[in-house]
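Okay, structure first, notes after.
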Amino acid sequence: MKVTVVGAGAVGASCAEYIAIKDFASEVVLLDIKEGFAEGKAMDLMQTASLNGFDTKITGVTNDYSKTANSDICVITSGIPRKPGMTREELIGINAGIVKSVSSSLIQHSPNTIIIVVSNPMDTMTYLVHKTTSLPKNRIIGMGGALDSARFKYRLAEALGAPISDVDGMVIGGHSDKGMVPLTAHATRNSVKVSEFLSEDRLNQVKEDTKVGGATLTKLLGTSAWYAPGAAVSGLVQAIACDQKKMFPCSVLLEGEYGLNDLCIGVPVILGRNGIEKIVEIDLSEAEKAHMKESAEGVSKTNGLLEL
Ligand SMILES: NC(=O)c1ccc[n+]([C@@H]2O[C@H](COP(=O)([O-])OP(=O)(O)OC[C@H]3O[C@@H](n4cnc5c(N)ncnc54)[C@H](O)[C@@H]3O)[C@@H](O)[C@H]2O)c1
């Protein structure tokens, strides 16, 4: 199992580290455009191997796509992150050019690869990969919902005063402050609906804190977060590499599912060796349906900014 991670910045390096620590891949190639940067990150990470007990080989390269050849999975994290006060949508100008050229170079050397898009605005960047490559739809996956759901569970556990392992919940919709749809009515504490424990007001607070989860961290850190994003990507990569058939909300091309068409947005999917093995359609309340529709309109509006 060979995995390439493009962008050896905060998220790319964190993602490579979590993949290596989980020890399921034979090789991780880190690629960056900045001279020597990926080589340095790879060497530093390799020097943790004996300490953390993994055998995954991490190689760093400067823009040399021949070293990524025959990757089973490629992760795209290259591009600029947001600064405090910025929305993810504002990154589109620079990141669209980067994602387009990076995905084309990756596919040239790994025609059978599965691509996971992380760069923001992620739903639109995932759609861009669909529009500009000929990869089948099961092999183009956007990562956002797995991270947003982890943040939702963190906020739920905080509100409940419960350990996170007791909590389950999912966020679907667009990966943006306004577009996220935290499914509070479906969230549970050890199979009991969280609404049995929390008031409507407290649940609404959890929802709002989840939606601005990224912005809250960007304000504290001065740039966007990397540990949870890296861990979330590594979860998706592992589910595919190990054919786990795990369910995650991912941004995928919809063709009628959830009443939506011609856009990529977060919905629950089953991930296995073929990438997206199934899109899972769950029953949404009228309010959730309305929120999902509004979220899709926002994603389509951002897609309209792409020069295709
Ligand atoms: N989808 C999500 O849930 C999620 C979460 C966090 C961050 N992000 C996004 O991920 C992206 C990366 O964030 P970060 O914090 O790691 O940023 P970063 O600045 O730390 O790293 C980005 C790296 O990409 C490299 N790069 C730029 N152009 C390149 C190219 N053409 N080829 C190869 N490498 C190139 C840069 O040199 C840099 O090292 C941002 O767009 C950010 O908004 C998404």
message = Springs between alpha-carbon pairs under 10 angstrom, Gaussian network model over the chain: which of Cys15, Cys242, Cys264 fluctuates most?
response = Cys242
remark   = Relative contact order in percent for the stretch 93-251 (Cα pairs under 8 Å, 6+ apart) equals 22
remark   = The simple spin-label model distance between Ser195 and Lys178, using points 7 Å out along Cα→Cβ, in nm, is 2.7
Between helix 37-46 and the chain: long-axis angle, C-alpha atoms, 0 to 90°, nearest 10 = 80
message = Rounding to the nearest 10 and keeping the result within 0 to 90°, find how far the Cα-based axis of helix 92-109 lies from the longest principal axis of the chain.
response = 50
inquiry  = Suppose a student asked you for the relative contact order of the stretch 234-308, using Cα pairs under 8 Å spaced at least 6 residues apart; what percent would you report?
reply    = 26
key: Point-charge dipole on Cβ atoms (K/R +1, D/E -1) for the chain, about Cα centre, debye to 20   = 280
Rounded to 5, percent antiparallel among DSSP beta bridges of the chain = 50
remark   = Measuring from its Cα centre, the stretch 198-308 shows a charge dipole (+1 at each Lys and Arg Cβ, -1 at each Asp and Glu Cβ) which, in debye to the nearest 20, is 460
ask   = Whose amide H sits under 5 Å from the amide H of Gly144, counting only residues 5 or more places off or on another chain, with H placed in the peptide plane?
value = Ser251
inquiry  = Given a 10 angstrom Cα cut-off, can you work out which residue in Leu160, Leu236, Leu128 is the most mobile in a GNM of the chain?
reply    = Leu160
ask   = With the contact rule set at Cα under 8 Å and sequence spacing of 6 or more, what percent relative contact order holds for the stretch 2-143?
value = 23
remark   = Counting sequence-distant residues (5 or more places) and residues on other chains, those with an amide H built under 5 Å from that of Leu263 are Leu254
key: Cβ-based charge dipole, the chain, positive-most Cα from Gly97, Gly142, Cys264   = Gly97
Projected label distance in nm at Asn204 and Asn52, using a 7 Å step from Cα toward the beta-carbon = 4.2
query = Along the positive direction of the dipole of the stretch 108-243 (beta-carbon charges: Lys, Arg +1; Asp, Glu -1; about the Cα centre), which of Pro111, Ala231, Leu217 reaches farthest?
reply = Pro111
message = Can you tell me the orientation of helix 145-160 relative to the chain, as the angle in degrees between its alpha-carbon axis and the longest Cα principal axis, to the nearest 10?
response = 50
key: For the chain, the longest site-free run once GluC sites (Glu not before Pro) in DSSP loop states with at most 15 other Cβ atoms within 10 Å are removed   = 36-280
ask   = Which residue fluctuates the most in the chain, going by a Gaussian network model with Cα springs under 10 Å, if the choices are Ser119, Ser176, Ser199?
value = Ser199
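Computed from the coordinates by the stated procedures, all read-outs in this text should not be read as laboratory data. Because the structure is predicted, anything quoted here is derived from the model rather than measured. Cβ coordinates were reconstructed from backbone atoms using ideal geometry, including for glycine residues, and neighbour counts include every protein chain displayed.
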